[in-house]
Amino acid sequence: MKKPIKKAISVLMLAAVLPLTAQEIKFGKVDKAELEATASEIAPNASAEFLYRSRNSYINYYQGSGLSLITQIHERIKIYDKAGLEYATRTIRLYKSGSTKEMLGNVKGFAFNLGAKGVEKTKLEKDQIFETDYNDYLDEVKISFPDVKEGTVIDLTYKITSPFFSSIDEFVFQQDIPTRQLHSSLRIIEYFKYRIRTKGTGYYPPKTETTFNNTLGLDETKIIYDLTNIQPLKKEPFVTNMDNYRDAVKVEIVSLEIPGREYESFAKSWEDVTDAIYKSSSFGSELDKKNYFEDELDAELAGAESAMQRAERILAFVKKKVRWNESRGYGASEGVKQAYKDGEGNVGDINLMMIAMLRHAGIPTQPVLLSTRDNGIPLFPTLQGFNYVIAAAEIGGQTYLLDASDKYSGVGVLPVRALNWLGHKFTEKSATEIIGLNPTEKAVEMIMMNVSMSEDGVLEGQVKRRLTNHYAMIERSDYHEGTEEDFLTEMEAAYGDIEISDFTLGGAAETEKPLEESFTVYAEDVSQVVGDKILFSPLFFLAQDENPLKSDKREYPMDFGFPWQDSFIVNVQIPEGYQVAQLPESVSMGLPNNMGSFKFVARQRGAAVSLNVSISLDQASIPAEQYGIMKEFFRQIVEKESEQVVLTKTTANGSQGSTTGGR
């Protein structure tokens, strides 16, 4: 926990709490100065800026339908450049549970521009509002503003009516763009007990006041946040989801205590959440159904003697039988039997079906609930905290995680979207235990390159590349996403505009085996001629030329998704008439706590330079406290891999002279 003085500093850096009254911003009334502004005063390089964000939520009672949570939103956004045009499309997510759902209403909007005759105002029309069924638990509404360009100010207001009055969305203070002025309030009637939880690094004490609700005839507590000049959230590489670190507060309704009525608790533990999920009609009972697949699966498993063989065949069988419809969710949307029949289903349909099959094959298997990386890490118990389910199979005394919704996943190799810290594994019926989702087995890339280099800096030769685990899964997905020509064009660009020919790929469809690539490489201008010397970096296009960690400090852990190892063996035939005058020094270094290592060995072998390089990161997630060490680790890697081999022309008598460096 931060000390008070650090909290105070954080407040000054991120936001200033306004006095009791904030400047009133009226919807549909835009100041000409807002349209004339060309940059944000808070963050001058920002592509857009929230000039104003207002959210007012309160609980109301309606005859016939009972209590509802009402949320009124007002957003005003200034677009500064082309990158900011994305903010002209606003996305709203609405929760639903069966036939009970949140409703969007009173949507009004304008786009303002400066024209020849002054301020021009374009109204948002109904045909610019689109609603879709996002998944089993969410509807999505997209609002696309008309006549938006650099300099536009958009103004939007709407209301959400939610029957889920005890589930209040986070009050988010920090966005990806700066916010000039923010107002948030929540009114809670006196019979509700609540608590406030904070997230992020900022410290935002609320203002509270007691008001009287004339409609209900009850006192209310009003929680108010008035803030200005909020810096945007600084994006960093190697982060699962920046929303996990965004400054926000969560107001949790704990209980309802009405005099003369039974006490009602809304506070949930994770046990409450998982129990409710297991007992739902789309989850626990689906695991017991198996008569629809038994005969076909038994034939598929014929001859599979080991548990691992049966698991691999079942994973492949489910992928073949049922296609993922791109919808997530922990429950079976269509029902496992119907999904099997139709050949299509959501994540719940597919993986609950696979669990039943693994159990049928004698493999102890339990479902695991999780939140995908883009859904964030659920900090507090809530049904919305989960949006995915996978299988945990016990094979040979080890636990292997499986997900059949991804074509290229394997036993123990989950799609990256599911690698999000921790999951909740069921033990028996509705009881669960925490299980780690990050893999422990490294993804390995092994490259062997045998090339020759000409005097004028042309590189030609053969490259063999071998990928395992997550590296192989990602590469298979990239390869099958488009044509082979597109795949090779992207590979050439990624390696620095080299030319690739004679490409072959082995193991493209065999997800349990390594992926093998082979190709001929051609590249120009790989060396520098200085007098009678030739200088070149022996890793060529394989070298890491930039440190991915650039900030001076960091407050978020570094998440690499999975542990990995990159190994390169490079043999370079030097031009005829030249000798090796200098090699880079060999080096070996390790990170503390066995987090990783780097080895670089350069040798001369006759008329060739041989290089053996290995970079290993043995932990998928590294705490922010180790950021300085990691930044220095990558700095030294970039520096070492940029060091050059120096060649000189041989003497008249053919002497090779002496070679410095190396070992």
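The values are calculated or read from the model by the stated rules, or taken from the named source; none is laboratory data. Please read these numbers as outputs of a predicted model, since none were measured by experiment. With ideal geometry, Cβ positions are generated from the backbone for all residues, glycine too; neighbour counts draw on all protein chains shown.
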(message) Please list, ordered by residue number, the strands (runs of 3 or more DSSP E) wholly in region 164-281 having 2 or more residues that are buried (at least 18 other Cβ atoms within 10 Å of the Cβ).
(response) 179-189, 192-199, 218-230, 248-256
(request) Tell me the strands (runs of 3 or more DSSP E) entirely within region 579-632 that contain at least 2 residues that are of a type outside the set (Phe, Trp, Tyr), outside the structural domain of residue 419 (by TED's automatic domain parsing) and over 30 Å from residue 551 (Cβ atoms). (result) 596-605, 608-617
(request) Spot the failing condition for residue 428; the list is (1) touching a Leu at 6+ places or on another chain (Cβ under 9 Å); (2) without any contact (Cβ under 8 Å) to a residue 12 or more places away in the chain, and only one is missed. (result) (1)
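So that you can scan it fast, the table gives a plain yes or no per residue for (1) without any contact (Cβ under 8 Å) to a residue 40 or more places away in the chain; (2) part of a strand (DSSP E or B); (3) of a type in the set (S, T, N, Q); (4) closer than 24 Å to residue 642 by Cβ:
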site: 457; (1), (2), (3), (4): no, no, no, yes
site: 466; (1), (2), (3), (4): no, yes, no, no
site: 478; (1), (2), (3), (4): yes, no, no, no
site: 487; (1), (2), (3), (4): yes, no, no, no
site: 493; (1), (2), (3), (4): yes, no, no, yes
site: 510; (1), (2), (3), (4): yes, no, no, no
site: 516; (1), (2), (3), (4): no, yes, no, no
site: 535; (1), (2), (3), (4): no, yes, no, yes
site: 538; (1), (2), (3), (4): no, no, no, yes
(request) Filter region 544-562 for residues that are within 30 Å of residue 409 (Cβ to Cβ) and either part of a strand (DSSP E or B) or touching a helix residue (DSSP H, G or I) at 6+ places or on another chain (Cβ under 9 Å) (or both) and give the result. (result) 544, 548, 549, 556, 557, 558, 559, 561, 562
(request) Only residues in region 64-80 that are under 30 Å from residue 45 (Cα atoms) count as the first member; pair them with residues that are assigned to a loop (DSSP other than H, G, I, E, B) and not aromatic (Phe, Trp, Tyr), Cβ under 6 angstrom, at least 6 apart or cross-chain, and list the lot. (result) 79/152; 80/47
(request) May I ask you to say which residue of 607, 602 is buried (at least 18 other Cβ atoms within 10 Å of the Cβ) and either farther than 24 Å from residue 553 by Cβ or without any contact (Cβ under 8 Å) to a residue 40 or more places away in the chain (or both)? (result) 602
(message) From the list 495, 471, 479, exactly one residue is surrounded by fewer than 18 Cβ atoms within 10 Å (Cβ to Cβ) and more than 30 Å from residue 278 (Cβ to Cβ). Which is it?
(response) 495
(message) For region 370-397, give me the residue count where each residue is surrounded by 23 or more Cβ atoms within 10 Å (Cβ to Cβ) and either β-branched (Val, Ile, Thr) or without any contact (Cβ under 8 Å) to a residue 24 or more places away in the chain (or both).
(response) 2
(request) Taking the options 557, 538, 575, 563, name whichever one is over 25 Å from residue 416 (Cα atoms), surrounded by 17 or more Cβ atoms within 10 Å (Cβ to Cβ), in contact with a Pro (Cβ under 8 Å, 6 or more places away or on another chain) and not assigned by TED's automatic domain parsing to the domain that holds residue 408. (result) 538
(request) Select from region 87-112 the residues that are free of Cβ contacts under 8 Å to residues at least 12 places away in the same chain and either part of a helix (DSSP H, G or I) or polar (S, T, N, Q) (or both) and list them in ascending order. (result) 99
(request) Quick one: which residue in 83, 88, 48 is within 13 Å of residue 178 (Cβ to Cβ), assigned by TED's automatic domain parsing to the domain that holds residue 190 and of a type outside the set (Ser, Thr, Tyr)? (result) 48
(request) Please work out if residue 81 is among the acidic types (Asp, Glu), modelled with pLDDT under 95 and surrounded by 12 or more Cβ atoms within 10 Å (Cβ to Cβ). (result) no
